[in-house]
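Visitor: Here's a structure for you.
No lab work stands behind these numbers, since they all come straight from the coordinates. Just so we're clear, the structure is a prediction, and the values are computed from it rather than from any experiment. Neighbour counts are summed over all protein chains in view; Cβ atoms, including those assigned to glycine, are modelled from backbone coordinates with ideal geometry.
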Amino acid sequence: MRTKKSKASKRVNLQSLPILHPDAAGIDVGAKQHLVAVPADRDPRPVRTFQAFTPELHELAQWLKHCGIRTVALESTGIYWIALYEVLEQHDFEVRVVNARHVKHVPGRSKTDVLDCQWIQKLHSFGLLKGSFRPNQQIRKLRTYQRLQDNLVVNSAQAIHHLQKALFEMNVQLSNVISDVTGETGLRIIEAILAGERDPEQLAALCSSRIKASRQTVAKSLHGNWDPALLHCLKTALDTYRFTQRQIQECDLCIQQQLAQFDSRVPLPDSATSLKAQLHRVCGVDLTKIPRKEQAAQIIISEVGLDTTKWNTEKQFSAFSGFISRQPH
């Protein structure tokens, strides 16, 4: 008959483990302050509290250096760990970002272990904490731009929705006769409406030759309610759309400049400046052959980088890539 091991037994087993990382520290990350623990023999005060201000983060790093610390484990609490991680990385520490749930689920913690930072330090010294994947700084910069671009695309889509909503409330049925109200024809007509043009025939005359609907049908769709409040909503939505489009273009430029700093894995002609060519140059293979082409390749690189040796098998990498695709950016 199987019996459950007692908590005391689990504690004995934990304490009997060999120390794999003698120069390990643990940090309990907070929004305003961080609690840091080092081995008890490294300092008369092996547990200290540092504020989250940047000067104190550098002071924290200097104290760890003074204590002979080489590797640090910290909990991935919200986004509060990011600034601390950057500072510790600057000071050449090996930093492991660990999942708080994994820390809590390791058995053997006694009631005397009142501080989380001490428990993290102990587990890290035993080699029981596995760090979460975090790409290098070059990739992180690219990821920052990429995630910002994703958010800007969402903002742009919301602006288009507000634009269409304002037109429908004005009973201007423009979206029923042209496929894209933010295309060349749609924007020309909307700008003319905001400039004061009310004649449906004059507005319909702004249509591109590519519009399949007849000018008479387009003119019928352009009779509307010219209420000042609705016109103001229309103008605000158009201004927001224009603004987000400029931001997306600026972000695209930043992404291209960041990609230009990556080492080349295959030579390409100097004239090959497209995003597809840049992705091919830094990857060494043409990732744009996968579904969604350049966008998918760009997202994958910005999230996982170019070093796939972090994953033991294709299955692990595919699982991680699937996790990325489900995350909000």
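Visitor: Could you go through region 233-239 in sequence order and give the Karplus-derived ³J(HN,Hα) for each residue, using 6.51 cos²θ - 1.76 cosθ + 1.60 with θ = phi - 60°, rounded to whole Hz, and x for Gly and Pro?
Guide: Result, ordered by residue: 4, 5, 5, 4, 5, 5, 4 Hz.
Visitor: Would you tally the net charge around ASP28, using a Cβ to Cβ cut-off of less than 9 Å, leaving ASP28 out, and scoring K and R as +1, D and E as -1?
Guide: Working: positive: none; negative: GLU75, ASP116.
With Lys, Arg at +1 and Asp, Glu at -1, the net is -2.
Visitor: Here's another thing I want to ask about it. Using only the Cα atoms, what convex hull volume per residue in Å³ does region 191-269 have? Write out the running numbers ahead of the final one.
Guide: Values: hull volume 11.9 nm³, N = 79.
Taking only Cα atoms, region 191-269 has a hull volume of 151 Å³ per residue.
Visitor: Defining a contact as two alpha carbons under 8 Å apart and six or more residues distant in sequence, what relative contact order in percent does region 9-125 show?
Guide: Details: 187 pairs, mean separation 42.3, N = 117.
Relative contact order comes out at 36 percent.
Visitor: Which of ASP116, ASP28, ASP41, ASP150 has the fewest other C-beta atoms within 10 Å, and how do the rest follow up to the most?
Guide: Details: ASP116 20, ASP28 23, ASP41 9, ASP150 16.
Lowest count first: ASP41, ASP150, ASP116, ASP28.
Visitor: Exposure proxy check: TYR80, TYR145 ranked by fewest other beta carbons within 10 Å?
Guide: Working: TYR80 17, TYR145 21.
Ranking TYR80, TYR145 by Cβ neighbours within 10 Å, fewest first, gives TYR80, TYR145.
Visitor: May I have the extent of the alpha carbons of region 9-125 along their three principal axes, as whole Å values ordered from largest to smallest?
Guide: 44, 29, 22
Visitor: Using θ = phi - 60° and the Karplus relation 6.51 cos²θ - 1.76 cosθ + 1.60, list the HN-Hα couplings for region 122-136 in order, rounded to whole Hz, with x at every Gly or Pro.
Guide: 5, 4, 5, 5, 7, x, 9, 10, 9, x, 6, 5, 9, x, 5
Visitor: Residue-wise, which Karplus ³J(HN,Hα) couplings in Hz belong to region 46-54, taking 6.51 cos²θ - 1.76 cosθ + 1.60, θ = phi - 60°, and x for glycine or proline?
Guide: Listing the rounded values in order: x, 10, 9, 10, 10, 5, 7, 5, 4 Hz.
Visitor: So how far apart, in nm, are the two label points at LYS220 and ASN171 if each is 7 Å from Cα heading toward Cβ?
Guide: Each label point is offset 7 Å from its Cα along the Cβ direction, giving 1.5 nm.
Visitor: Return the long-range amide H neighbours of ARG96 (sequence gap of 5 or more, or a different chain), with a cut-off of under 5 Å between placed amide H atoms.
Guide: VAL72, ALA73, LEU74
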